[in-house]
Amino acid sequence: MMSPGRWTVLAASLVTLAACAKSVPPLADLAADKAAIKAVSVAWKNAYNGGDAAAVAALYAEDAVLSAPGTPLVRGGPAISAYFLKKVAEFSAAGLTVADDPMGDVAASCDLAWQWETYTVTDNSGVVVDAGKLLTLFQRKNGKWKIVGDTWNSDTLPAARAAPPAPHS
């Protein structure tokens with residue numbers, strides 16, 4: 001005969017297993033989620049290359065955080081919109097295009113997902129002027145996948161900084 005403590009542990013284990021089983025999405029849903037997330041990435045590149053800063057910013061959640069190189073954290077929809085308004089205009093004026101090289105795979109679990117990618121930036125003549133990697137975090141909000149965290153960095157080393165002056169003796 002099992003003690004009441006063992007019955008409690010067994011019951012708790014069965015409840016936990018049932019909860020886990022309910023939280024694992026069917027493979028068809030996971031495939032659809034991955035496709036939807038990749039579509040957000042494609043939409044981002046199309047809007048950025050098309051000079052549409054508003055469309056880029058619309059892919060981010062209102063509480064998103066952007067961690068761009070050489071810039072303090074950019075938090076929230078209005079700040080992200082302002083950031084991309086400036087950067088997309090500069091990018092377009094320089095005649096640059098960004099592309100996935102290649103588009104990375106997506107990992108998703110419930111309402112959270114991430115995508116690791118590499119990218120290249122080319123000029124009007126097709127010369128690669130930059131390449132790097134990025135990590136984007138997604139969250140399903142009201143049934144749509146939104147970017148909630150975004151960071152990237154170049155494979156190119158930053159220009160050498162001037163050495164700080166020697167301390168006075």
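Just one of (1) closer than 15 Å to Ala57 by Cα; (2) modelled with pLDDT under 95; (3) not hydroxyl-bearing (Ser, Thr, Tyr) fails for Gly143. It is (1).
Every residue, every condition in (1) of a type in the set (Val, Ile, Thr); (2) within 18 Å of Leu135 (Cα to Cα), yes or no:
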{"site": "Ile37", "(1), (2)": "yes, yes"}
{"site": "Tyr48", "(1), (2)": "no, yes"}
{"site": "Ala53", "(1), (2)": "no, no"}
{"site": "Ala61", "(1), (2)": "no, yes"}
{"site": "Pro72", "(1), (2)": "no, yes"}
{"site": "Phe84", "(1), (2)": "no, yes"}
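Checking each residue of the stretch 57-71 against the condition of being more than 29 Å from Cys110 (Cα to Cα), out of contact with any strand residue (DSSP E or B) (no Cβ under 7 Å at 6 or more places or on another chain) and modelled with pLDDT under 95 gives at least one match. For Ser125, the conditions (1) among the polar types (S, T, N, Q); (2) modelled with pLDDT of 95 or more; (3) surrounded by 14 or more Cβ atoms within 10 Å (Cβ to Cβ) are fulfilled apart from (3). Quick check, is Ala53 at pLDDT 95 or above and either touching a Ser or Thr at 6+ places or on another chain (Cβ under 6 Å) or at negative phi (or both)? Yes: the conditions hold for Ala53. Residues in the stretch 58-112 that are closer than 19 Å to Ala43 by Cα and polar (S, T, N, Q): Ser81, Ser92, Thr97. Number of residues in the stretch 127-154 that are within 17 Å of Ala36 (Cα to Cα) and not in a strand (DSSP E or B) equals 2.
The values are calculated or read from the model by the stated rules, or taken from the named source; none is laboratory data. Just so we're clear, the structure is a prediction, and the values are computed from it rather than from any experiment. Don't worry about glycine lacking a Cβ; one is built from the backbone with ideal geometry, like all the others, and counts go over all protein chains shown.
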